[in-house]
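> Just passing along the structure, written as structure tokens.
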């Protein structure tokens, strides 16, 4: 019954797409848990699950690897440091920053679309298959809590750390569902302290 909640084909395609990004950006940390993206299709970043969203998450991954603080306001506001890394990865934000989310809504530039075309097509096929497979399940659909509450609601991600010092951004409710294990040391990521900033 619960075996359909983390579809292996989609998880594998997400992991492969992430590896494709790492080929061009080796400093990008490994994707600890594809299911954390599957379980939360809409986030504080304002994207549904897609390759564009995955590349957006990769920006956060590289920022974390570099020790760059790329967001504020409990992860909602994406600053110019985020935008600078996003541009390195082939994402553009042609407009002025949004008052509450900053430069969150970045889009693939033409060069990135060409570079990742096979990856994008593979992932789109897997996403369509997943949507078809879950469309009849009204109790657990593809859209997560942030989709109900908007970009400033229950989908705000916080930093979770492991003993070797690596970190990932995750929605606390997703981490509560099952451990997310670090690919470097094999230990689970944990939220170091209760974050109350999201309530302010």
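> For residue 68 and residue 100 in one chain, what is 0.36 nm times their gap in residues minus the Cα-Cα distance, to one decimal in nm?
Computed gain between residue 68 and residue 100 is 9.5 nm.
> With a point put 7 Å past each Cα toward its Cβ, work out how far residue 114 is from residue 22 in nm, to one decimal.
2.7
> When ranked by the protection proxy of mean other Cβ atoms within 10 Å per residue, highest first, what sequence do the peptides 26-32, 84-90 form?
Ranked by mean Cβ neighbours within 10 Å, highest first: 84-90, 26-32.
> Calculate the spin-label point distance for residue 124 paired with residue 185, positioning each point 7 Å from the Cα along the beta-carbon direction, and give it in nanometres.
Spacing of the two 7 Å Cα→Cβ label points: 4.1 nm.
FYI, it's all coordinate maths here, none of it is from the lab. Just so we're clear, the structure is a prediction, and the values are computed from it rather than from any experiment. Positions of Cβ are generated from backbone atoms using ideal geometry, with glycine treated the same way; all protein chains shown enter the neighbour counts.
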